[in-house]
1. By what distance, in whole Å, do the Cα atoms of the chain stretch along each of the three principal axes, largest value first?
2. Sort the stretch 76-163 into rounded, prolate or oblate with this rule: let a ≥ b ≥ c be the square roots of the eigenvalues of the Cα gyration tensor; rounded if a/c is under 1.5, and if a/c is not under 1.5, prolate when a/b is larger than b/c, oblate otherwise.
3. Under a point spin-label approximation (7 Å from Cα along Cα-to-Cβ), what is the Glu91-Lys184 distance to one decimal in nm?
4. Given the DSSP H assignment, sum -39500 (n - 2.57) over each helix run of at least 4 residues in the chain and divide by its residue total; what's the result at 222 nm in deg cm²/dmol, nearest 500?
5. Go through the stretch 74-135 and name the trypsin sites (Lys or Arg not before Pro) that are in a DSSP coil and have 10 or fewer other Cβ atoms within 10 Å of their Cβ.
6. What ranking of Tyr144, Tyr139 emerges when the number of other C-beta atoms within 10 Å of each C-beta is taken as an exposure proxy, fewest first?
7. Can you compute the label reach from Glu20? Point 7 Å from Cα along the Cβ direction, backbone N cut-off under 11 Å, restricted to the stretch 154-184.
8. Once you order the gyration tensor axes a ≥ b ≥ c over the Cα atoms, which shape class does the stretch 17-61 get: rounded for a/c under 1.5, otherwise prolate or oblate by comparing a/b with b/c?
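A short reminder: the numbers here are calculations on the coordinates, not readings from a lab. Only a predicted model underlies this, so the values are computations on that prediction, with no experimental measurement involved. Note that we place each Cβ from the backbone using ideal geometry, even for glycine, and neighbour counts take in every protein chain shown.
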Amino acid sequence: MERGSVSFNKYGLLPKGDYEYNFKELRKSIFVKGPQNPSISSWDTQWRKHLVNQAEILINQLWDIGITEIWLDGSFAEAKPHPNDIDGYFECDIADIASGYIERELNKRDPHKIWTWDSSARRNYRGYVKKQLPMWHQYRVELYPHYGQNSGITDKHGNEELFPAAFRKDRTNHKEKGIIKLVK
């Protein structure tokens, strides 16, 4: 696990690896403050800070029920001046998902009751083709449970990948990239 200063590579991605950050460090990092690159003048620090604040609400709920293995990714972890959201996943036990325990316990903690991964709960959002989960509509963050299942994201050969592999590759050109690991 890498800690501390990091730079985006020439593709605007994190170099391969897992980069550990707590929320205080994340707010001071390149992901919020932006790269020291004058060619990216439209870096939206305020929006990125807002996304981190929103993610912190959900991640505190995960930590509160004992989930500690949490990663963040998506355009937030790339050199994109204004990311749409934060994507991520957390590791959990399949029995806790299958029994409904995780969803039930998280919704006890969230005032908006947004914790679900049921595709029927997805709703349209203006200008987006893909329907979004309730957590995205409320927080602009999507965190998925990983318990050994496929992610729905395919590799360059069209094969579905597990979350750890899928989140460590750029979806457009399948280049390997780094990911943010949240720590308390």
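1. Principal-axis extents of the Cα atoms in the chain, largest first: 49, 38, 37 Å.
2. Cα axes put the stretch 76-163 in the oblate bin.
3. The answer from the label model is 1.7 nm.
4. -7500 deg cm²/dmol
5. Arg126, Lys130
6. Numbers: Tyr144 16, Tyr139 23.
The order, fewest Cβ neighbours first, is Tyr144, Tyr139.
7. 181-184
8. Working: a/c = 2.98, a/b = 1.59, b/c = 1.88.
Oblate, because a/c is 1.5 or more while a/b does not exceed b/c.
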